[in-house]
Amino acid sequence: MIESLQFSIEQILLQHPQGLSEYELITALQSASDHEISSLQLHDPHQLFQMHFMLFHCLYLLRDRWLAEKLSCLQISALKIIKLAYTQSHNDALELQDSVRQYYLDVNNLTATDADAVETLISRFWHKFACAPELEHALMVFELSGNLDFKQIKARYQQLAMQNHPDRGGSDSRLAEINQAMKVLKGYYQPKK
């Protein structure tokens, strides 16, 4: 199944040198093949996840093969999947640890993700999406940006709380703003137990 799906993906990509989105590739696969993928229902979240996973699994296998054969490089994202000319730098990039690639190449991630797990993933995504302005404001209050971990946030909180505490000349309202920002940032950055 994987080999035939990978072959179909390769043929479609070769027919679209300008690249395709993930949705366009799925649509092309559904109309051009008799794969198991054509029977999956896009409106069912679990089946959509399975389709997405199988597609990206095959794309990473194909990318690895093309790089190993020094044919080309495959740029992979949900918005754009495109075949690029091969360069040695693409092959060198394959040597780097790529956690997304590792995730999709491990088929256990597909089998371990049931319908409940997919619903949880979707809920977390929409929660984070809905709270994005709140998170942006909290980071602004802390004057932080970039890749952060909870240790950095906690250190910054302690610094700001001490500087703005009413006993040290700060104000109650500023300290309340800092505490609220910390509450938001905890929800995003504190490691889950």
**Asked** Which residue, K154, K128, K70, has the most motion in a Gaussian network model of the chain that connects Cα atoms within less than 10 Å?
**Response** K154
**Message:** Quick check on the exposure proxy: order I178, I122 from fewest to most C-beta atoms within 10 angstrom.
**Reply:** I122, I178
**Item:** Gain in span if fully extended, R65 to D167, counting 0.36 nm per residue against the direct Cα distance
**Value:** 30.3 nm
**Request:** Averaging sequence separations of C-alpha pairs under 8 Å and six or more residues apart, then dividing by the length of the range 131-189, give the relative contact order as a whole percent.
**Result:** 46
**Fill in**
Counted neighbours (other Cβ, 10 Å), sorted fewest up, put S8, S99 in the order S99, S8
**Asked** Taking the chain as a Gaussian network, Cα atoms linked when under 10 Å apart, which of E119, E69, E22 shows the biggest mean-square fluctuation?
**Response** E69
**Asked** Any idea what angle helix 115-130 forms with the longest principal axis of the chain, computed on alpha-carbon atoms, 0 to 90 degrees, nearest 10?
**Response** 50
**Complete:** For the chain, the dipole about the Cα centre with charges only on Cβ (Lys and Arg +1, Asp and Glu -1), to the nearest 20 debye, works out at 820
**Asked** Direction-averaged shadow area of the convex hull around the Cα atoms of the chain, nm²?
**Response** 14.3
**Message:** For the chain, what does the relative contact order come out to in percent, with C-alpha contacts under 8 Å and a separation of six or more?
**Reply:** 17
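No value in this document is a laboratory result; all are computed from the given coordinates. Source: prediction; values computed, not measured. Cβ coordinates were reconstructed from backbone atoms using ideal geometry, including for glycine residues, and neighbour counts include every protein chain displayed.
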